[in-house]
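K.L.:
Sending over a structure as structure tokens; questions will come in a sec.
The values are calculated or read from the model by the stated rules, or taken from the named source; none is laboratory data. Here the structure is a predicted model, which means the values were calculated and not measured. With ideal geometry, Cβ positions are generated from the backbone for all residues, glycine too; neighbour counts draw on all protein chains shown. Side chains included, ligands, DNA and RNA excluded: accessible areas come from the protein's heavy atoms. Shrake-Rupley method; radii C 1.70, N 1.55, O 1.52, S 1.80 Å.
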Amino acid sequence: MKKRLVALVLAGLMCAAVCAGCSPQDSTAGGGAQKPGQVSGAQAGGTDGAASKVAVIFTGRYEFFADMETAQREVAAQAGNVRVDFFESKDDINTQLQQVATCASGGYDALVVNLVAIESVQEVIDAAGGLPIVFVNRLPDESVLQEGKYVYVGSDESEAGSLQAQYIAERFKDRQRLDVVMMMGTLGLANTVARTDALRKGLVDAGFEVNYVFDDTGEYDRAKAMDKMQQFLGTGKGFDVVVANNDDMALGCMEALRAAGMGGKPVVGIDANKEAMTAIGEGTMAASVFQDAVGQGKGSMQAVIDILDGKPVGTLNWIPFQLVTRDNLADFT
């Protein structure tokens, strides 16, 4: 189930997307090798043979979304009669709203949106002017979802934190007390809250007395997490395990640990990105939780194609998380 990193689009096109608000980064749906979480292709478009136009709007250009885009291109290519254009909001809700509105007036038939801010979902719906929307990866308030109109494809973020807790509980099963370093993502984001709360609950439910010796945010950024970890290590406090809301932050913490001569400390992340899986294979990272970018990509594109074809699509379409350790690493590479 090997994932691929799709090449970044030309810098000129990305600049045009920012300036114009809804200029596509790429307008060609390309094919590729099979990936995990594959769904079947479908013919999209009306009986007159005209291709349906779908706009995919991501919050930013991260490895996870690049893998998702590759999968979306594969499904679109298999469908044959759907054109897909990709846009980047650069983590700015105003940019995203402008892109949605411009695409709504630009002849698109449907949208796939990775929300910059889930609390702005109604604004996104309003800006779309009645176009169907498949929300992907970040779950909005379920009250706005409507079968076959506004649907969600993604993973249950709480499951990721629970799987981290299960791994830690098994690894430290002979202990009653744990000293934990907790590196959270951007505060207030739904995935940060769900992952963190589920981890904390899972450790308590497993019977541990947990002392969070350091509890801070790295904002899902590797460099920021490394800097925060260096600050903590300077205090000289002891700890048993480092837990991060994503792999980029986990890898940043690992860099700080290596620089301090503490590379053997267990670090647990989420995403199972390429570098994290390499580290797990080398034994320098304890575990990660696989978030299936390819499954979310294929599922979201299939959902939008099915909506355009008038097929039933439920409001919640889950792509499961999976724990990755050295023992089962071969299943994910």
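K.L.:
Does at least one position in region 156-173 carry a residue that is at pLDDT 95 or above, assigned to a loop (DSSP other than H, G, I, E, B) and over 19 Å from L323 (Cα atoms)?
P.N.:
Checking region 156-173: not a single residue is at pLDDT 95 or above, assigned to a loop (DSSP other than H, G, I, E, B) and over 19 Å from L323 (Cα atoms).
K.L.:
Right, another one. Do we have any residue at all in region 207-214 that's farther than 22 Å from L251 by Cα, open to solvent by 50 Å² or more (accessible area, probe 1.4 Å) and touching an Asp or Glu at 6+ places or on another chain (Cβ under 9 Å)?
P.N.:
yes
K.L.:
Of the numbered conditions (1) in contact with a Ser or Thr (Cβ under 6 Å, 6 or more places away or on another chain); (2) without any contact (Cβ under 8 Å) to a residue 60 or more places away in the chain, V153 satisfies every one except a single condition; which is it?
P.N.:
(2)
K.L.:
Let me ask something additional. Six or more apart or on different chains, Cβ under 7 Å: which pairs go from a residue in region 49-78 that's under 13 Å from G299 (Cα atoms) to one that's part of a strand (DSSP E or B) and open to solvent by 10 Å² or more (accessible area, probe 1.4 Å)? Could you list them?
P.N.:
If the second residue must be part of a strand (DSSP E or B) and open to solvent by 10 Å² or more (accessible area, probe 1.4 Å), the pairs left are A76/V82.
K.L.:
While we're on this one: If a residue must be open to solvent by 40 Å² or more (accessible area, probe 1.4 Å) and not basic (K, R), how many such residues does region 175-188 contain?
P.N.:
Adding up the residues that qualify gives 4.
K.L.:
What number of residues within region 228-257 are in contact (Cβ under 8 Å) with a residue 24 or more places away in the chain and either assigned to a helix (DSSP H, G or I) or open to solvent by 60 Å² or more (accessible area, probe 1.4 Å) (or both)?
P.N.:
17
K.L.:
May I ask you to list the residues in region 143-174 that are within 28 Å of D248 (Cβ to Cβ) and either open to solvent by 50 Å² or more (accessible area, probe 1.4 Å) or of a type in the set (S, T, Y) (or both)? Before you say what the answer is, go through the steps one by one.
P.N.:
Initially, region 143-174 is screened for residues within 28 Å of D248 (Cβ to Cβ), giving 152-172.
Those that are within 28 Å of D248 (Cβ to Cβ) and either open to solvent by 50 Å² or more (accessible area, probe 1.4 Å) or of a type in the set (S, T, Y) (or both): Y152, S155, D156, S158, E159, S162, Q166, Y167, E170, R171.
K.L.:
Would you pick out the residues in region 101-139 that are of a type in the set (A, V, I, L, M), in contact with a strand residue (DSSP E or B) (Cβ under 7 Å, 6 or more places away or on another chain) and either open to solvent by 50 Å² or more (accessible area, probe 1.4 Å) or not in a strand (DSSP E or B) (or both)?
P.N.:
Of everything in region 101-139, those that are of a type in the set (A, V, I, L, M), in contact with a strand residue (DSSP E or B) (Cβ under 7 Å, 6 or more places away or on another chain) and either open to solvent by 50 Å² or more (accessible area, probe 1.4 Å) or not in a strand (DSSP E or B) (or both) turn out to be L115, V124, I125, A128, L131, L139.
K.L.:
Checking the structure you have, find out if any residue of region 299-321 is more than 29 Å from V151 (Cβ to Cβ) and open to solvent by 10 Å² or more (accessible area, probe 1.4 Å).
P.N.:
Scanning region 299-321, I find no residue that is more than 29 Å from V151 (Cβ to Cβ) and open to solvent by 10 Å² or more (accessible area, probe 1.4 Å), so the answer is no.
K.L.:
Take the residues in region 43-79 that are of a type in the set (S, T, Y) and under 30 Å from M277 (Cβ atoms); name whichever of them is modelled with the lowest pLDDT.
P.N.:
Residue satisfying both the conditions and the ranking: Y62.
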